[in-house]
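First comes the structure, then the notes that go with it.
The values are calculated or read from the model by the stated rules, or taken from the named source; none is laboratory data. Keep in mind it's a predicted model, so treat the numbers as computed, not measured. Note that we place each Cβ from the backbone using ideal geometry, even for glycine, and neighbour counts take in every protein chain shown.
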Ligand code: HEC
């Protein structure tokens, strides 16, 4: 029969472990994200890069890499920034980049940041989701 003290230690450490094991992405509530577009064959070069070029390159391009993130090539986008990965190929709902452009979760993470550019439309977020769900090619 364990003492009360060891039970308490077990309970507290179990709680700490469950906190540690909660992935950072748990904050994304998929129900709050706009649905993925039905468009087939979405690619970075054809569909996504032009969106990023307009809204993201000035802070995540050749000149500046805020958050250590570059979004001007597919390779760099998949590599991610300080809190990589930001794109989980095949799972847009787990991709922090999607939460950022959908403006879901922590306001500090919204992209482009508040007052730093037009927010993405639901259709644009949907296209980025489709691109990631289709394997982020
Ligand atoms: C005006 C500058 C600016 C623009 C424009 C901008 N960002 Fe950011 N972005 C930042 C800053 C600053 C950070 C780092 C935030 C931090 O460290 O708290 C960041 C961080 C990020 C991150 C997290 C990187 C990591 O691993 O920590 C993602 C993802 C991201 N941006 C995506 C985008 C996307 C997609 C766009 C375009 C829709 C965009 N950003 C436009 C300034 C910008």
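Among the residues of the range 87-129, those identified as in contact with a helix residue (DSSP H, G or I) (Cβ under 7 Å, 6 or more places away or on another chain) and closer than 20 Å to residue 63 by Cα are 111, 112, 117.
Of all residues in the range 74-86, those that are exposed (fewer than 15 other Cβ atoms within 10 Å of the Cβ) and in contact with a helix residue (DSSP H, G or I) (Cβ under 8 Å, 6 or more places away or on another chain) total 2. For the range 51-85, filtered to residues that are in contact (Cβ under 8 Å) with a residue 24 or more places away in the chain and near the ligand (Cβ under 10 Å from one of its atoms), the residue that is farthest from residue 132 (Cα to Cα) is 59.
Listed residues 62, 76, 99; which is in a loop (DSSP other than H, G, I, E, B) and modelled with pLDDT of 95 or more?
Only one candidate passes the filter, namely 62.
Going by the structure shown, is residue 88 at pLDDT 95 or above and more than 10 Å from the ligand (Cβ to nearest atom)? Criteria met by residue 88.
Filter the range 90-112 for residues that are free of Cβ contacts under 8 Å to residues at least 24 places away in the same chain and within 20 Å of residue 70 (Cβ to Cβ) and give the result.
Those that are free of Cβ contacts under 8 Å to residues at least 24 places away in the same chain and within 20 Å of residue 70 (Cβ to Cβ): 100, 109, 110.
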